[in-house]
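The values are calculated or read from the model by the stated rules, or taken from the named source; none is laboratory data. This structure is a prediction, so every number in the text was calculated from the model and none was measured. Positions of Cβ are generated from backbone atoms using ideal geometry, with glycine treated the same way; all protein chains shown enter the neighbour counts.
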Amino acid sequence: MIPITVGIVHDVLGIPIGGSLVSKSDAERGKKEFLGALSLSSLPNFKYFGNKLKQDNLSDDDNVRNFLVVTLAAFLCPNSNTYPSTKYLLPLVDIKTAKEWDWSKLVHSWLFNEIRKYQRLRKTSAHESITLGGCLYLLCVSVFVSNLVYSVVFCFFHCV
């Protein structure tokens with residue numbers, strides 16, 4: 001078993017820990033306020049936000065918001081969908097307060113929810129393809145560090 005805690009998420013990724021919780025219950029409100037802040041009527045896929053980053057005339061807030069949407073959808077909290085999740089849009093409405101949210105807790109919860117989802121789907125007989133969402137970088141680093149620590153301890157006790 002590889003221990004991955006909210007603290008480890010913070011240590012590995014360097015994202016904020018503590019602060020306001022990003023809650024699923026705020027998803028619809030977050031989507032509505034997020035779309036309103038961007039003057040959009042529907043949520044575009046995350047490529048839209050990536051393309052916005054290429055524009056020269058965006059404000060600093062819009063650049064940060066677009067970067068965070070892409071980072072969340074593609075790296076920190078990916079799933080099999082190409083659209084950003086409405087679960088994390090509320091903290092991106094007022095981008096100046098984005099670092100006051102508990103992003104480490106969100107990434108931790110997201111990863112474990114995606115692992116449970118993957119395990120559940122693997123048990124069903126009718127699946128053609130299953131994707132594992134969540135921050136796979138975090139998973140890889142945690143496995144590497146866990147194996148490294150085991151190797152050092154093993155060598156210390158058996159090689160001396």
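Structure values in brief
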quantity: Checklist (1) at pLDDT 95 or above; (2) buried (at least 16 other Cβ atoms within 10 Å of the Cβ) applied to residue 42, failing item; calculated: (2)
quantity: Subset of region 24-61 (residues that are outside any loop (DSSP other than H, G, I, E, B), farther than 21 Å from residue 107 by Cα and among the hydrophobic types (A, V, I, L, M, F, W, C)); calculated: 35, 37
quantity: Residues of region 1-17 classified as touching a residue at least 40 places away in the same chain (Cβ under 8 Å) and either loosely packed, with under 13 Cβ neighbours inside 10 Å or of a type in the set (D, E, K, R) (or both), total; calculated: 4
quantity: Test set (1) closer than 30 Å to residue 121 by Cα; (2) surrounded by fewer than 17 Cβ atoms within 10 Å (Cβ to Cβ); (3) of a type outside the set (Gly, Ala, Ser); (4) modelled with pLDDT of 95 or more - residue 68 fails condition number; calculated: (2)
quantity: Among (1) over 21 Å from residue 31 (Cβ atoms); (2) of a type in the set (Gly, Ala, Ser); (3) in a loop (DSSP other than H, G, I, E, B) - the single one residue 142 does not satisfy; calculated: (3)
quantity: Selection within region 69-98 - within 18 Å of residue 12 (Cβ to Cβ) and in contact with a helix residue (DSSP H, G or I) (Cβ under 9 Å, 6 or more places away or on another chain); calculated: 72, 74, 75, 76, 77, 78
